[in-house]
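Structure record follows, encoded as structure tokens.
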Amino acid sequence: MSSIRWLHLTDFHQGMGSQKWLWPGMRERVFEDLARLQEKMGGPWDLVLFTGDLTQRGSAEEFQSFEDNLARLWAHLQDLGSNPRLLAVPGNHDLMRPAPRKATVKALGTWWDDSDISDEFWKDDTSEYRRLVAEAFKPYSDWQRASRFHGQPLTPGLLPGDFSFTLPKDGVSLGVVGLNSAFLQLTAEDFEGKLALDPRQFQAACGGDSSDWLARHDATILLTHHPQSWLHSRAVTSFEQEILAGDNFTLHLFGHMHLGASGSIRHGGGAPRRFIQGPSLFGLEEFGEENRTQRIHGYIAGRLDFEESGGTLSIWPRAATLKEGNFRVLGPDPSAILDGRDAWSEPFTPRGMRRGRRSASAPDAAGLPSGSAEPGAGPPSMRSELSAGDYTRLHGRARLAVERLSTIAQQLGWHSVAEQGQDLLKILHQEPYRVVITGKSRAGKSTLLNALVGRAICPVRRSITTAVPIIIKPGEKEFLTVNIEGERPRLSDGPITQDMLAPYADQQNNPDNEKKVIDIQVELTDEVLDLGVMYVDIPGFDDPTSRIWSSTAEVLQTAHALVLVLDVSSVRVGGFALDKQTRELLQDAQARQCAVFVVCNKADQLNAEQAREANEMVRSYLERFGVWTMLAHPPFFLSANAVPVPRQQEKANPPSYKAFYDALWESLWKTEAIGLRRLYRVFEQLRLAGDEVATLIASRRAKEPERIKLRAALQRCEEQRKEIVEDCTKTIQLAQAHGRQLMQTARTELRDEVRKWVEALPTGQDLPKPSACVDALKGSMLNRRKQIVEQVQQKLEDRLARIDQRMRKSLAELRSEAGSSAQTRQMQGLVQTLSTWKEQMELSVPEHQGRQAARFASMASFGIAALTGQLFGLGGLLATAFTWAINIFTDSADTPAELEEDVAQTFERNWNQFATSLEQRISELGRLVTQRIRSNMMRFMEDMRTQLDDIREATPEELQLFEQLKTETEQATVSLHAILRAAK
């Protein structure tokens, strides 16, 4: 059983009169009750849910005092063994009320009478109405970002306080949505029955797609400050239809009324809608003509239990009661009907069960957790629970943030920021990572691609099928585009089927591509595309039609990875061979350092002996052509026809196909060029660029004494830059010397190995050909080469990472001298969790894959590690083709000494080629790192000098643009963090 526990607090009203001398005594009673209650609940709390009115007047000082009170509460909870995360929504007391006579305040007061006001409010995030609300809740927003206790990462919504949050625990997932219900309550008037909660708030808080968000959680909780009864009648309708919407939320928690209450409503046999109104943690109510004061103190505790058979919700309501003797005791609420545990409970159905799938923690038929057994319809356990739509929306947020950055740079004339913006836009405009499915006609390429995406998209027939490239890529919704030469594209909405593609893609309907189709592009939201990759199905490269071949040649040249599909069924009737076209394709991929996976399809038609023979044949050909070592993985023998498509059949994938799918996905996950890793690089640079913008704005305001200090800091930074470049040069020289030393040792060892191999030959028999000796010892040489690359790369990566860290530290010290804003420091705290890429991205890598693969799986940065990975990775230097110069006309030796010398000379020539390539890669790396240091440091220092000569305050427009940049970057960053946590 999995359990999630929480505390529901509300209406503390930090700063209320009499609180200073009344709260300390009640605080001790609350702490004592928490200790008793935790024992009853059977474990520590995971969350503290606070539904508004944290403060009395919404000032920054009150929020700081509230944070101090939280610190005491958390210290007590930690003593009890709990370390929960806080999630809060603002109440009508958590804002700085604007002047009621202000025109925008009066205009918002006509919300329900003038639809133009509400339309502009929701459609224009820069409108004066939205700015008014943002300013009113600014102290709350600042506290939420800076609080040591508030949960992160949050996916922010449209308004201050709107968010969603995911808590994974023990195989289940709880989703929490918080919505600001107080944004219209800007004055002291009575707003009962006048407030709004809009579906747009809900959608934005869920990252733009509430259906996807809800589907990823086993239970969900909605937090608001106000009860539904405080909404306007029109808001109630949309709230029930679009936000509660039947079974969207397991529970709705709110406060505002100060007294505790709970209930469950069921309409027309539908799912129950449960709500709990929390009592005020510190409430003073006046009543009667004499204005007598009533004190209200209480809170709620809850637990969700998840079992294979269903779920149980348990609630512990707590209240302070005045006892005889005139003292208060905090304990079970006497007004509630409770069981022997001092709780009430009722069953609920986890969302996964409502949709016909088991809970993540439910065992499968074999008694193992579903993630550890042979998988069925779903993707491998290592991959994320995201969709391609999530990735596409994240990409859009990144683009918007970069555009904000570029606008600021252009207006202010900051070259360093402008160049960074241009660099980031280039990254965002790159096409997704292309995985091209290639091979000869009728090998099963389209069938395999249908299996990969889990959908019957590409037409499949017994005869030659695919006439044009079919590109399947991520999108926010399903969409089909057919690009035709000289005509407007043909566009269609989803759902996409084979029949929609067949008139253009099928040879039967479009023979020899007589319709002049350039390509067919299919956008899907499927999770198999969530990394920012595209799959491309192309016609067979043996198709004789020039029109078809010309349309596929360009696709092959732009492929990042190839899946070569071979039909091995021919082994049954006489053999198997790799033809010239296949060989040239592989050698071209090797020259371009393109990752290659070989899939031997139709292997189900072979018996065990034929399968063994086919395996030996394939390996023999690949080794003979010199491309075996470039493969990302040994060939996979499988049957694409045996994969259940569509996956909705919920049948288990065959183990042979699963092995291929897992290996391909893991390779993509570790590849620097995939979209999700590109986005990480963009967000990392956006954060640094935002920090630089804050520093440049601050430097404009510097007075002369501060300017003298800044100029001195610039001089120190320049001296440090020269030292860092010099250290980089020395590091490169040491790496080259280290490589030469390792090379010489390996050459000597291999020469000895050749000698021993020749000496071990049987006497009295003919000597083997030198080429046979080279083939026998080639693997040993390649292993030595791999070890040299790993050792050189490891030392280089470590040393250059330290140099890169020195550069970052130098720039950070310069920014610190200039002074950054409090909001920038809060933003830095938010994204600090993203700084350890290893913790978020590390995958379990089998030991046999080696130290280098494990290091690449947990790459810590998109800076130095990315450069070394590109230049030295398994897809780079190790895959470089080398010539084995054995002349076929002189491939013989008369004596053992001649044999030994011929083989040794062959290896020596190869060593020379390798040594030259290694030296060149190290030199290129040095050039790139030096360029990186100079570019990053000199651009920023030059802009700093410009600002020191331009004494003036930043304009309101500049500051507004900067605030927009920070908002967009923050929203994109927390979305990315949520993705990384889901994919961990």
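When every residue of the range 140-156 is checked against the conditions, at least one turns out to be under 30 Å from Asp212 (Cα atoms), in contact (Cβ under 8 Å) with a residue 60 or more places away in the chain and in contact with a Lys or Arg (Cβ under 6 Å, 6 or more places away or on another chain).
Modelled with pLDDT of 90 or more, surrounded by fewer than 19 Cβ atoms within 10 Å (Cβ to Cβ) and not hydroxyl-bearing (Ser, Thr, Tyr) - does that describe any residue in the range 45-57? Taking every residue of the range 45-57 in turn, at least one turns out to be modelled with pLDDT of 90 or more, surrounded by fewer than 19 Cβ atoms within 10 Å (Cβ to Cβ) and not hydroxyl-bearing (Ser, Thr, Tyr). Checked across the range 563-582, the condition of being at pLDDT below 75, surrounded by 15 or more Cβ atoms within 10 Å (Cβ to Cβ) and part of a helix (DSSP H, G or I) holds for no residue. Among His256, His217, His252, which is the only one that is under 22 Å from Ile300 (Cβ atoms) and in contact with a His (Cβ under 7 Å, 6 or more places away or on another chain)? Being under 22 Å from Ile300 (Cβ atoms) and in contact with a His (Cβ under 7 Å, 6 or more places away or on another chain) holds for just one of His256, His217, His252, which is His256. Inspect all residues belonging to the range 180-195 and state whether any of them is at pLDDT 90 or above, closer than 26 Å to Asp46 by Cα and assigned by TED's automatic domain parsing to the domain that holds Asp305. Among the residues of the range 180-195, at least one is at pLDDT 90 or above, closer than 26 Å to Asp46 by Cα and assigned by TED's automatic domain parsing to the domain that holds Asp305, which makes the answer yes. For the range 150-173, the tally of residues that are of a type in the set (D, E, K, R) and under 17 Å from Gly52 (Cα atoms) stands at 1.
For the range 739-756, taking the residues that are under 26 Å from Glu898 (Cβ atoms) and in contact (Cβ under 8 Å) with a residue 40 or more places away in the chain, the one that is nearest to the chain's Cα centre (by Cα) is identified as Met743. Annotation note: of Lys123, Lys169, the sole residue that is of a type in the set (Lys, Arg), touching a strand residue (DSSP E or B) at 6+ places or on another chain (Cβ under 7 Å), farther than 24 Å from Gln56 by Cβ and surrounded by fewer than 18 Cβ atoms within 10 Å (Cβ to Cβ) is Lys169.
Test Ala663 against the criterion of being more than 30 Å from Ala591 (Cβ to Cβ) and at pLDDT 70 or above, and give yes or no.
On the way: more than 30 Å from Ala591 (Cβ to Cβ): no; at pLDDT 70 or above: yes.
So Ala663 fails the test.
Tell me yes or no: at least one residue of the range 500-510 is among the acidic types (Asp, Glu), over 19 Å from Ala388 (Cβ atoms) and either part of a helix (DSSP H, G or I) or modelled with pLDDT under 85 (or both). Yes - at least one qualifying residue is present in the range 500-510. Of all the residues in the range 239-255, those that are of a type outside the set (A, V, I, L, M, F, W, C), crowded, with 18+ Cβ neighbours inside 10 Å and in contact (Cβ under 8 Å) with a residue 40 or more places away in the chain number 2. Listed here are the helices (runs of 4 or more DSSP H) enclosed by the range 378-472 that have at least 3 residues being modelled with pLDDT of 70 or more, under 18 Å from Asp526 (Cβ atoms) and in contact with a Leu (Cβ under 8 Å, 6 or more places away or on another chain): 388-412.
The values are calculated or read from the model by the stated rules, or taken from the named source; none is laboratory data. All figures in this text were calculated on a predicted structure; none of them were measured in a lab. Don't worry about glycine lacking a Cβ; one is built from the backbone with ideal geometry, like all the others, and counts go over all protein chains shown.
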